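The structure under discussion is supplied below as structure tokens; questions concerning it will follow.
The values are calculated or read from the model by the stated rules, or taken from the named source; none is laboratory data. Remember, it's a predicted structure, so these values are computed and weren't measured experimentally. When we count neighbours, we look across all protein chains shown, and the Cβ atoms used for this are built from the backbone with ideal geometry, even at glycine. Keep in mind that these areas ignore ligands, DNA and RNA; they rest on the heavy atoms of the full protein, side chains included. Shrake-Rupley method; radii C 1.70, N 1.55, O 1.52, S 1.80 Å.
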Amino acid sequence: MLYSLSMLIPMMIEIFTHDTGYVDFLYTFGLCFSGGGTVYLLTRQASVQLRTRDGFIIIVLFWLLFSLISAMPFWLNDSLGFRFADALFEGVSGITTTGATVVGDVSQLPAAYLYYRAQLNFIGGLGVIVLAVAVLPLLGVGGMKLYQSEMPGPFKEERLTPRLADTAKSLWLTYCVLGSICSLAYWLTGMPFFDAVCHGLSTVSLGGFSTHSESLGFYQSHAAELVAGTFSLLSGFNFTLWYMAVIRRTFAPFRRNAELKFFLLIAAGVILVTAWQVWHAGMYGFGDSLVHAYFLASSMITDNGLATADYADWPSHTIVFLLLASFLGGCVGSTCGGIKALRFLVLFRQSRQEIHQLAHPRALISVRVGGNVVSDRVLRSVWSFFFLYITLTVLFIGILNMMGYDLLTSFATVAACINNMGLGAGETASTFGTLNAAAKYLMCVAMIMGRLEIYPVLILLSRFFWRT
């Protein structure tokens, strides 16, 4: 019922621009608001204590439901010519902040749909479940189970404040402020106000939907690319760090965070290597190489997905390098996709610990991150997640390859979807509309599994979960 209210803004834009497409948003709003309202009235007196297993069920069902709702305006509008597979792919891509699109010429979409796509990115950015708990904390203690399932990363039990609703509100306030500053920065670079708002929403959410087919490259502006690269990196920070820094009025939380230092170190390395490769290939001068590499590498490593106009023409080894970098993602507690920098840091520290242990078999050596000992439970969780993530990636690549797509297209498409990054290569470099219906449905599964970090979906598929 609450999510249906998000249809009102694009509906008003349609009315303001004298477009008849507002009816599609009106139908979506009416159906979802009345349906949700009816169920709420029938169950408002019920008293339910949620368990951990209930949290997993609700999270998966909510994301499936919101994906279907998000697809409805695309599907209902006959002028767009979307088949159901196209509409579902676009809706899932938006709400999971993937940013992959099936639209060939994005600039031909009505203004309301351009804004709607950016809004999908923004709402999905920090999780519609967290938003719902912040607005109506009806779930009480059980809501914490939802929050733990929704928030990314291995340390899901950490909270900013004792009450879940306060935590969610604090995160969303920080999120909205950062989005407003980003939109203002785009506008100051000379970008039209409407485009600045849409790109601000897409950038902070690390969603990647643009108002032009050439993405940010349409503007041919170094200033806009610097803003996009900077806010991609800033949005890859753990939002709890932003909150703590603002409340305490100090940058100490950033300086002390081991994961952030590791993330920025890797990002700097990727940016420098990318800049050298495109400069060495003779594509740009030295200065232009630095700017373009800073923007695109920052966008892809944080799984944002905004791009330069000619990124598909970059050397293939550079594109593959950036696609591999997209598996890193940003920090835990950010809006990015991917495996997350903290997990890679834990794996690096444990690998180093194993080497030390081989050299000194009797020594008692523990894995530490930020001065804290990482428990065996977390280590097992990180290794298990890493294994499942890589296994599913290889599985999806194999299935696409068997459907007839070449290896580069298969790898890039899966990397774009499971990492929620949105930039493909090969046949999907310009649009994902070249995929057949079966491939689009498969990539919808990949996007949702990447957004939910695999475990909630796999748990529902296990027999052990359903035993009483």
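Give me the percent of the accessible area of the chain that comes from carbon and sulfur atoms, probe 1.4 Å, all protein chains in place.
Answer for the chain is 67 percent, counting heavy atoms of protein chains only.
Would you mind checking region 272-294 for residues with the amide N under 11 Å from a putative spin-label position 7 Å along Cα→C-beta of HIS222?
Flagged as within label range: 285-292.
Next question. Out of the trypsin sites (Lys or Arg not before Pro) in region 275-368, which ones are loop residues according to DSSP with at most 13 other C-beta atoms within 10 Å?
ARG362
Here's something else I'd like to know. So which DSSP H runs in the chain come out at 18 Å plus along the axis (Cα) with average Kyte-Doolittle of at least 1.6?
Those that pass (Cα extent of 18 Å or more, hydropathy at least 1.6) are 52-76.
Want the number for ASP406 to PHE465: 0.36 nm per residue separation, take away the alpha-carbon distance, what's left?
17.5 nm
Follow-up. How much area per residue is accessible in the chain when the probe is 1.4 Å and only protein heavy atoms are counted (Å²)?
Ligands and nucleic acids excluded, the result is 44 Å² per residue.
Multiply the residue gap between ALA359 and PHE286 by 0.36 nm, knock off their C-alpha separation, and tell me the result in nm, one decimal place.
Gain in length upon complete extension: 21.8 nm.
With only Lys, Arg, Asp and Glu charged, each at its Cβ (+1 for the first two, -1 for the last two), find how big the charge dipole of the chain is about the Cα centre; round to the nearest 20 debye.
Computed charge dipole of the chain: roughly 2360 debye.
Give the longest segment of the chain that steers clear of GluC sites (Glu not before Pro) in DSSP loops with at most 15 neighbouring Cβ atoms within 10 Å, not counting the sites themselves.
With GluC sites (Glu not before Pro) excluded where exposed in loops, the chain gives 159-468 as its longest stretch.
Enter the Cα centre distance for the pair region 211-273 and region 281-353, rounded to the nearest angstrom.
Their Cα centres are 12 Å away from one another.
Taking region 269-325 as the region of interest, what is the percent of Cα-Cα pairs per 10 angstrom bin, listed from the shortest bin to the one with the maximum distance?
Over region 269-325, the share of Cα pairs per 10 Å bin runs 26, 66, 8 percent.
Let me ask something else. Using DSSP to define loop residues, name the trypsin sites (Lys or Arg not before Pro) in region 412-468 whose beta-carbon has at most 16 other beta-carbon atoms within 10 Å.
Passing sites in region 412-468 are ARG467.
What residue among SER202, ASN436, VAL346 has its Cα farthest toward the positive end of the dipole of the chain, where the charges are +1 on Lys, Arg and -1 on Asp, Glu, each on the Cβ?
VAL346
Another question about this same structure. Among VAL320, ALA111, TRP187, which residue has its Cα furthest toward the positive end of the charge dipole of the chain, with +1 on Lys/Arg Cβ and -1 on Asp/Glu Cβ?
Toward the positive end, the furthest listed residue is VAL320.
Further question on the same structure: Can you give the FRET efficiency for MET12 and VAL39, using 1/(1 + (r/R0)^6), R0 = 25 Å, r = Cβ-Cβ distance, to the nearest 0.05?
The calculated FRET efficiency here is 0.40.
So, one more: Considering only GLN49, THR174, VAL23, whose Cα is most displaced toward the positive end of the charge dipole of the chain, charges sitting on Cβ of Lys, Arg (+1) and Asp, Glu (-1)?
Of the listed residues, the answer is GLN49.
Which chymotrypsin sites (Phe, Trp or Tyr not before Pro) in region 248-309 pass both tests, a DSSP loop state and at most 13 other beta-carbon atoms within 10 Å?
PHE251
Separate question: Cα-based count: Lys pairs in the chain below 23 Å, eight or more positions apart or different chains?
7
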